[in-house]
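See below for the structure under consideration.
The values are calculated or read from the model by the stated rules, or taken from the named source; none is laboratory data. Note that this is a predicted model, so its numbers are computed, not measured. No Cβ is skipped: glycine too gets one built from the backbone with ideal geometry, and neighbour counts run over all protein chains shown. Ligands, DNA and RNA are stripped out before the accessible areas are found, and what is left, the full protein with its side chains, is counted by its heavy atoms. Shrake-Rupley method; radii C 1.70, N 1.55, O 1.52, S 1.80 Å.
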There are 6 protein chains.
Amino acid sequence: MRSDGRQFEETRAVTITPNYIKHAEGSVLIEVGETKVICTASIEEKVPPFMKGQGRGWITAEYSMLPRATQVRNQREAAKGKIGGRTMEIQRLIGRALRSVVSLEALGERTITLDCDVIQADGGTRTTSITGSFVALCYAVNKLLQNHKLSKSPITDYLASVSVGIVKNRVCLDLNYEEDSQAKVDMNVVMTGLGKFVEVQGTGEEAPFSREELDALLASAEIGIRSMIDKQKEALGPLTAIVGGNSGAVSGNK
Amino acid sequence: MRSDGRQFEETRAVTITPNYIKHAEGSVLIEVGETKVICTASIEEKVPPFMKGQGRGWITAEYSMLPRATQVRNQREAAKGKIGGRTMEIQRLIGRALRSVVSLEALGERTITLDCDVIQADGGTRTTSITGSFVALCYAVNKLLQNHKLSKSPITDYLASVSVGIVKNRVCLDLNYEEDSQAKVDMNVVMTGLGKFVEVQGTGEEAPFSREELDALLASAEIGIRSMIDKQKEALGPLTAIVGGNSGAVSGNK
Amino acid sequence: MRSDGRQFEETRAVTITPNYIKHAEGSVLIEVGETKVICTASIEEKVPPFMKGQGRGWITAEYSMLPRATQVRNQREAAKGKIGGRTMEIQRLIGRALRSVVSLEALGERTITLDCDVIQADGGTRTTSITGSFVALCYAVNKLLQNHKLSKSPITDYLASVSVGIVKNRVCLDLNYEEDSQAKVDMNVVMTGLGKFVEVQGTGEEAPFSREELDALLASAEIGIRSMIDKQKEALGPLTAIVGGNSGAVSGNK
Amino acid sequence: MRSDGRQFEETRAVTITPNYIKHAEGSVLIEVGETKVICTASIEEKVPPFMKGQGRGWITAEYSMLPRATQVRNQREAAKGKIGGRTMEIQRLIGRALRSVVSLEALGERTITLDCDVIQADGGTRTTSITGSFVALCYAVNKLLQNHKLSKSPITDYLASVSVGIVKNRVCLDLNYEEDSQAKVDMNVVMTGLGKFVEVQGTGEEAPFSREELDALLASAEIGIRSMIDKQKEALGPLTAIVGGNSGAVSGNK
Amino acid sequence: MRSDGRQFEETRAVTITPNYIKHAEGSVLIEVGETKVICTASIEEKVPPFMKGQGRGWITAEYSMLPRATQVRNQREAAKGKIGGRTMEIQRLIGRALRSVVSLEALGERTITLDCDVIQADGGTRTTSITGSFVALCYAVNKLLQNHKLSKSPITDYLASVSVGIVKNRVCLDLNYEEDSQAKVDMNVVMTGLGKFVEVQGTGEEAPFSREELDALLASAEIGIRSMIDKQKEALGPLTAIVGGNSGAVSGNK
Amino acid sequence: MRSDGRQFEETRAVTITPNYIKHAEGSVLIEVGETKVICTASIEEKVPPFMKGQGRGWITAEYSMLPRATQVRNQREAAKGKIGGRTMEIQRLIGRALRSVVSLEALGERTITLDCDVIQADGGTRTTSITGSFVALCYAVNKLLQNHKLSKSPITDYLASVSVGIVKNRVCLDLNYEEDSQAKVDMNVVMTGLGKFVEVQGTGEEAPFSREELDALLASAEIGIRSMIDKQKEALGPLTAIVGGNSGAVSGNK
């Protein structure tokens, strides 16, 4: 058993509170255990300069932690005057992941920016940000549909993410901070509703890992992601229809 | 009557949720109408270099808005690589205000940093930050007392803040965003539990104001601040005892 | 009596040398006691991007101290790579104050930038900058009138500023550096020729202040500002006519 | 067949020129096809502040491209004043990968910095940097052994990296730039001499990938990495002995 | 004749006002024609980290222009967030030049910083800064002698600088801005009281120059520098004694 | 004799490898003794904003050292977040020097950027960069001629550079690092094929120098530059014809 009493293939409790920030086109507060992230989706009717005139849209993401989201206060990146490598890596990952399930052509020349602000951190902030952002994105797209700016949703499939790792020689799903700091191998996986991989990022800085371990980690991740997608569907309720029809498959596969 | 149905000398609804962030020594979520700010107090057992070896402590503050706290998304200061003038002005104000009711000698050589992160903005974010920070500070001081790092509270009085302004030729208390953007005169006032002024910052960029108007603004602010201090006492409950005894006076004055 | 022999309601000697920098459209060297500031007004025939096409002009200010304007050399902000909070606060104040007496519509789509460079500091550098900038601004507007770029002055009233404070329990007008560092309460006031307030910024970081003290500070500030406006009129000589007619009132009120 | 005539599981020609920069403790010019990277290893007899006094060493890496390493000149990061997200991601990856095969305890309190400067880019610059850096690191460790600063090598295994991807529906090993820009799935793999995974980073931004595709990509990567390790051994010659004995296994496995 | 009526080998009028800034250990306002520079010398009883414990002192310089020192307002480097190449080049030149006539050993472990702030520019700001800084440096050294921190002056010789150039095919001494912008060849020369060269910086960007032209430029510069040194002696009056005895030679040579 | 066995007026061995970087319009690896610099010339069909619409082109340069080009690793300027004074000085010098032998009118509205990246440093990196850049520039111009973007070369003359200095009281040509660090006087000279000076930068920080010493330094530099230009001609081979006809003179003069 794990230190917080969970089974090895059990995620933490997940709560998704929609429309958490009134100004945003889409927003949620997502809680995965003690990790809490505010995800907002902001629509702008323009694209970055390098994409102008191509008739395609853009999805991008920013990620930040409040200074006291962590056990020890960490200095603001605004105060340091620059964004750190870890932050950059995470926000590039979030943007890339979300773009994999959006048809940029169908979105049209507009940008949706996902802001993921971690207000309390207890492991898995980047995977939680992806899972929450997807729901915020659906709300924003729904607004575009309601306002007749889009006639058809550009979202092609569900998308969620979890972390997995090897802690004390056992494959564990959805690591909390304590587990994460003891893990020998750490992997973040992003998958679609159809069960395809979008990102697989495994690191064995502490100890290289074998092919068998890799297989076990991927299998555990798949279980977690299915569970996360179910939570997304609950949060979206009738809005689940705005996600591409092929995504029904996963639910059926379960 | 005002656009949201309030009386001219009426504040918006105030909610203070204590211990909102588990890692921080003190924290609250403060909501004043639709303005929502997370205030955390972080204790470090050291002081900035310029204060070393003087046996005195330090109180400082940082302020930020989430990018989508506002109607239109605003760029992160971390992304810009520098902190803007407005942010600097506000965080200097918050720190200065809180220091006015703390005996730095009694605090001893440690720093308490107040982080004020606006998650939703609807006017009055700086005054709400001050009012909320004071409660977070009390929680952090209480932790120092409980851990026997301090034997006596260094907090000498209550402290709260409100905005007042002249909107459509009427003095209004606690402006929301819509009122704030129409105000000809805008004033932020910080007062102690004993009813003394700590900061008076009035600006008539749109229209200079007379001495009579100034007097009316100050009188309205005093009403609002008394009301804010009552809310602080409710949130603090039995912890009200950690604030210096002389502060009972204001409540008595009412 | 005060340490430099002045009465409590007496300003320091004021000297305004017009046309101090040959390239600028308007310029003065203003000396208030030992505080010396070069103020230049630069006209550009364009406005910042956020104001384009509105037919209105813009007034902005920048403030800086030479590294050895102070008793101990302070590092250049250019060398640090960023502008400090105190500088930002001051330059925002100067710009806001000057805009309060200029009709931006009457100015037309052009920008006047006031540069205030403190070459020697002895207290009151921000208030001296405001008082000096107003004169530099008048000179620049005069040039626009002479060149027929404007047919009528957009300046609606005089504008000047002084500091007041409570030093050793006495209200003192126009603090020098020594007094400023001993003051329990410190206030900067900006007023128009008609005797209206534009900015009131009072801070009691060392000791909160009562309503009676606030009243006494404001009264003292008014005396100082009238005296500053008289000095401005002397410096402007026949150019006093370019300031809006209603401003004659103050002089008459004296 | 591939556009440059290679088989699908064939790497490009690899050349490793040792001791390329005379000042560095270790250095190589590594060429993988038309991709050319100078890797230097610099030893400093100190560790970063956060590691002081722990008796452990540190391995870190920096990565950069000359402005004209690419088809279109790209602006220097020094000129932009900040390091981009892609660079940060890559240099974090290189450092992490190399640390996985070094015993920091055995290294002792010193830092080895690997600088990877791409002088010509044609795809696979990050994997080439890892493969080349490992050789430069071996040279630097050899110098420590020769100078009797270390009595035993802290390097526990070989380490190399290749990219794999799915191009026109075929799994291809060691993508050149043209292939990389057409790839639907892109994966970078880092493995040890013993055939264990250190990093697996797969991205399907253009098209999510199935488990079968993932398996095929990993198998292809393993072939490529064995080939790279053989080239490292050739370049190291008698120095191969400084790599931990267990690493002989891979070569034997072939 | 030149556009301002001067002879080809005639400098502009030179005025040196000593003790211009009360806080600085040494200061002058130097005016060469319409070019006006405030030079201050600040003493700190420490040296930069890289010089600690060597028993030697350091002389360094910073240079800046007020935004409206020039015909068109130029943006502050503090606002840009970085110091430009021209400024860096000039401040490195000033520091290097002054160090050539100071015995750093005799100065002892202290730093003298020369700040050169151009308040009005009309050509020759870097040469004027050197000539003025030398006098400010003498005043600061005099203060060290008076306070018995030094028993003997570390200044070994006089030092001054002028510009020369080829304008309309004539060698001209001490170019003003108008001449400078028409010059085909531009040269800045720094010389000692003994007539030795410290810096020769000639640039023929517009037109390469012959050896004969170079000789004529150097001869003209020597005349100008002798004249500048005479002005320095006038300004220093009895303080001329603090400059090394060998420097009497130049004056005698005339 | 010199420490490396050279005569006082002898340069180090010079090797110029053309077309070193495949993507660049022009490129060389230039080696002068142990100093190695990659010079690339990149053509862009636009000019900087301040030059738009004048029908003239622009030549600019950037300079950098790899971190381990030097004996002790130096921190990357990208990591520091700003370009140092020495780098700025050098890149301004390179750009200015090359512009002196290019007719910007004949070049037309395009920019050629010369990137000089020092991969190994042993003295004379800036002079080597100039000599190498000139050849890279010729290659880039040749490409413009071949593509019929230009009908006639805008290069008016050859251009090369060497350093000279006074080491142990002897004038030495082309200093290596060891000599450079012992030199009392240090001079960089840039000359054209016709034997005219483009830049003369002599510094006597350690010891001012006499007119006789200056003359001897210039004579030595001229010998070195002629030798460098011969090497350029060898490297260019038949491309020598693209340099303006008047430059034959130097060769004839020898």
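Restricting the search to segment C:184-209, which residues are open to solvent by less than 10 Å² (accessible area, probe 1.4 Å), under 15 Å from the mean Cα position of the chain (by Cα) and not β-branched (Val, Ile, Thr)? Hits for segment C:184-209 are C:187, C:191, C:193, C:197, C:199.
If the condition is being open to solvent by 70 Å² or more (accessible area, probe 1.4 Å) and under 19 Å from residue B:225 (Cβ atoms), then segment B:1-14 contributes B:7, B:9, B:10, B:13. For segment A:162-205, a residue qualifies if it is more than 14 Å from chain D (Cβ to nearest Cβ) and among the aromatic types (Phe, Trp, Tyr), and exactly one does: A:177. Name the residue that is nearest to residue A:41 (Cα to Cα), counting only residues in segment A:143-153 that are touching a residue at least 60 places away in the same chain (Cβ under 8 Å) and either surrounded by fewer than 19 Cβ atoms within 10 Å (Cβ to Cβ) or hydroxyl-bearing (Ser, Thr, Tyr) (or both). Among those that are touching a residue at least 60 places away in the same chain (Cβ under 8 Å) and either surrounded by fewer than 19 Cβ atoms within 10 Å (Cβ to Cβ) or hydroxyl-bearing (Ser, Thr, Tyr) (or both), it is A:143.
For every residue, the table says whether it meets (1) out of contact with any helix residue (DSSP H, G or I) (no Cβ under 9 Å at 6 or more places or on another chain); (2) more than 25 Å from residue A:24 (Cβ to Cβ); (3) hydrophobic (A, V, I, L, M, F, W, C).
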{"site": "B:36", "(1), (2), (3)": "no, no, no"}
{"site": "B:41", "(1), (2), (3)": "no, yes, yes"}
{"site": "B:45", "(1), (2), (3)": "yes, yes, no"}
{"site": "B:51", "(1), (2), (3)": "no, yes, yes"}
{"site": "B:57", "(1), (2), (3)": "no, yes, no"}
{"site": "B:77", "(1), (2), (3)": "no, no, no"}
{"site": "B:84", "(1), (2), (3)": "no, no, no"}
{"site": "B:88", "(1), (2), (3)": "no, yes, yes"}
{"site": "B:106", "(1), (2), (3)": "yes, yes, yes"}
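Looking across F:192, F:156, one residue alone is in contact with a Phe, Trp or Tyr (Cβ under 8 Å, 6 or more places away or on another chain) and of a type in the set (S, T, N, Q). It is F:192.
Among the numbered criteria (1) hydroxyl-bearing (Ser, Thr, Tyr); (2) surrounded by fewer than 21 Cβ atoms within 10 Å (Cβ to Cβ); (3) out of contact with any Gly (no Cβ under 6 Å at 6 or more places or on another chain); (4) within 11 Å of chain D (Cβ to nearest Cβ), which one does residue A:156 miss? Result: residue A:156 passes all but (3).
Within segment A:29-42, restricting attention to residues that are at the interface with another protein chain (Cβ under 9 Å from one of its Cβ atoms) and of a type in the set (Val, Ile, Thr), the residue that is nearest to residue A:140 (Cα to Cα) is A:40. Checking segment E:210-231 against the condition returns a match, with at least one residue being buried (at least 17 other Cβ atoms within 10 Å of the Cβ) and facing chain F (nearest Cβ under 7 Å). Filtering segment A:50-62 for residues that are part of a helix (DSSP H, G or I), modelled with pLDDT under 95 and surrounded by fewer than 18 Cβ atoms within 10 Å (Cβ to Cβ) leaves a non-empty set.
Let's see how each residue does on (1) aliphatic (A, V, I, L, M); (2) part of a helix (DSSP H, G or I); (3) in contact (Cβ under 8 Å) with a residue 40 or more places away in the chain:
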| site | (1), (2), (3) |
| --- | --- |
| C:180 | no, yes, yes |
| C:198 | yes, no, yes |
| C:201 | no, no, yes |
| C:212 | no, yes, no |
| C:229 | yes, yes, yes |
| C:237 | no, yes, no |
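Within the set A:64, A:3, A:27, the sole residue that is among the polar types (S, T, N, Q) and closer than 30 Å to residue D:78 by Cα turns out to be A:64.
This table checks each residue for (1) farther than 26 Å from residue F:70 by Cα; (2) part of a loop (DSSP other than H, G, I, E, B).
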position	(1), (2)
F:17	no, no
F:24	no, yes
F:31	no, no
F:46	yes, yes
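When segment A:167-178 is filtered for residues that are crowded, with 24+ Cβ neighbours inside 10 Å and part of a strand (DSSP E or B), the ones remaining, listed by number, are A:172, A:173.
Taken over segment C:64-85, the criterion of being more than 8 Å from every other protein chain (Cβ to nearest Cβ) and either buried (at least 17 other Cβ atoms within 10 Å of the Cβ) or within 18 Å of the chain's Cα centre (by Cα) (or both) is satisfied by C:65 alone. Listed by first and then second residue, the pairs linking a residue in segment E:23-45 that is at positive phi to a residue that is open to solvent by 10 Å² or more (accessible area, probe 1.4 Å) and in a strand (DSSP E or B), with Cβ atoms under 9 Å apart and 6 or more places separating them unless they lie on different chains, are E:33/E:14.
Of the residues making up segment B:9-23, none is within 14 Å of chain C (Cβ to nearest Cβ) and touching a Gly at 6+ places or on another chain (Cβ under 6 Å). Scan segment F:132-142 and tell me whether some residue there is surrounded by fewer than 24 Cβ atoms within 10 Å (Cβ to Cβ), farther than 30 Å from residue F:220 by Cα and at pLDDT 95 or above. Checked segment F:132-142: at least one residue is surrounded by fewer than 24 Cβ atoms within 10 Å (Cβ to Cβ), farther than 30 Å from residue F:220 by Cα and at pLDDT 95 or above. Here is the figure for segment E:131-151: residues that are assigned to a helix (DSSP H, G or I) and touching a Gly at 6+ places or on another chain (Cβ under 8 Å) total 9.
Of the helices (runs of 4 or more DSSP H) lying entirely inside segment D:76-130, those containing at least 1 residues that are under 25 Å from residue F:62 (Cα atoms) and modelled with pLDDT under 95 span D:77-80, D:85-99. List pairs: first residue in segment A:119-135 and within 14 Å of chain B (Cβ to nearest Cβ), second residue small (Gly, Ala, Ser) and open to solvent by 10 Å² or more (accessible area, probe 1.4 Å) anywhere in the structure, Cβ distance under 8 angstrom, at least six positions apart or on different chains. Qualifying pairs under 8 Å: A:122/A:33; A:123/A:33.
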